[in-house]
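The values are calculated or read from the model by the stated rules, or taken from the named source; none is laboratory data. Bear in mind that the values here come from a model prediction, so they are computed numbers and not experimental data. All Cβ positions, glycine included, derive from the backbone under ideal geometry; neighbour counts span all protein chains shown. Ligands, DNA and RNA are stripped out before the accessible areas are found, and what is left, the full protein with its side chains, is counted by its heavy atoms. Shrake-Rupley method; radii C 1.70, N 1.55, O 1.52, S 1.80 Å.
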Amino acid sequence: MDAITVIIMIVLFVLAMVFVFSTALLTPYIGKKNLISVILLGLVVGIVGGAFLIAPMVGDLPDVTRAVVEESVEGTDNIKLELSTNGNLTEILNNISSITGVEKVSYDGISFKINEAFETPADKTRFLTYLQSQNSNITDVKEVDNETFYVYMADNTDPQSIMDTIYYSFGQQTYIHLKFTSMQADATVKANNVTKVMKSIEENGAVILNVTGPTEDMTHTINKYIPNEFNAVLLSGLLGVIVAIAGFFVDSIYNFITRFRKRNKNRTSDRERIKRKVVPGTERRQTQNNRHRAKGDSIDIFDDSFDQSPKQTIGSNRKFKQLSKDDFKEKSEDVFDKSKKAEKSGGRFSSIKGKFGKSKNKDSGKNDKRSSDNKDSSSSKTKPKNTKRKAPRVKPKRKQ
């Protein structure tokens, strides 16, 4: 599966989840009693999307994992091969050795199986001795079981010549027929070329039995944690249910978070309490109109800008004005002018007035009393009398 196909499948699955989420957001219109129907919708959409979009990608994940591991792992891997004896073995091995990434190909023998056992042990011994004497590159022949034998050959030997010797010996020494022949080989491959070499080996008429090495071990470890296609479908359905529930309760969650943020935002710190002269623990005593709350044009007395302010307004006292030297000069001049006016108004007889001021004040006091009595009498005539009885004044007795 190419990258474009994978991207298209992922986008389609995301759109399916967006459809489920947007449908769950319609709860103010469809009612919260339809929670079960919303969950079922998310489950069905998730399973369908997982079966047709996610499962095919999961099936290709092992190959993707191998490609990623090959780029990050260094070293060599060993590929065990099964070669077909119907063709030329020497040519097949040379073709495999010439593949890019193959460091060497090693082999040690050919196995064959007969259709029936030898009649006597002497016939078996005579045949094996003859087979080994026909080719000097055959080092040994061993019986694996009653009807299977393995022919060992020397290093760098032409395997096709050994195969021809086996065919010739059966035609000359016994009437027993060959059931099958096979040859196995080991290819040492660079870790970052394992996938390419495996494809090329299969094209050359060889069967891969197994692969061992750091690349295969790491790939096998990662593939253990990758779900299969059936589990991928179930997980997709579960994801659809989670998305539906999230869309169903998103309004409640959003309102809860908003309330929580406002609550934390309204909490004042110790610095703000000192700044606003609020005693800790008395925040709740404030009235609803928040008359003790500082106004927006107040200045922070802990800020450096307070010293540079022309008015230095503290709190909401806008009428406060900083006094300067000119203000003191103006006040002193006003006091001096008033004293001069007082002296002028007194004249030459200001000293005589001072001597006789007491007697005049006494007479004026008597006249004032008389005038006040006349005023009281006139007011009593015009104003209605207060009929309410006043409480008598009683002088409290001292305790003895």
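Some observations on this one:
- Placing R0 at 41 angstrom, the Cβ-Cβ distance between T125 and D2 gives a FRET efficiency of 0.10 after rounding to 0.05.
- Between the amide H of L26 and any residue lying 5 or more places away or on another chain, no distance stays under 5 Å, with hydrogens modeled in the peptide plane.
- Per-q log10 I(q)/I(0), region 56-122, q = 0.13, 0.17 Å⁻¹ (Debye; single scatterer per alpha-carbon; no solvent): -0.67, -0.87
- Region 101-142, Cα convex hull volume normalised per residue, Å³: 96
- Evaluated on region 1-57, the Kirkwood hydrodynamic radius is 12.3 Å, with distances taken between all distinct Cα atoms.
- Highest-first packing order for the peptide set 73-86, 248-261, 184-197 is 184-197, 73-86, 248-261, based on the mean count of other beta carbon atoms within 10 Å.
- Hypothetical label at E71: residues of region 219-256 whose amide nitrogen lies under 17 Å (7 Å Cα-Cβ projection): 219
- Taking 4 °C and 1.567 mPa s as conditions, region 1-136 diffuses translationally at an estimated 58 µm²/s according to Stokes-Einstein applied to its Kirkwood radius (Cα pairs).
- At q = 0.16, 0.22 Å⁻¹, base-10 log of I(q)/I(0) for region 137-277 (Debye sum, equal scatterers on each alpha carbon): -1.07, -1.33
- With the convex hull drawn around the C-alpha atoms of region 85-181, the volume per residue stands at 95 Å³.
- Residues F21, F180 ordered from highest to lowest accessible area at a 1.4 Å probe: F180, F21.
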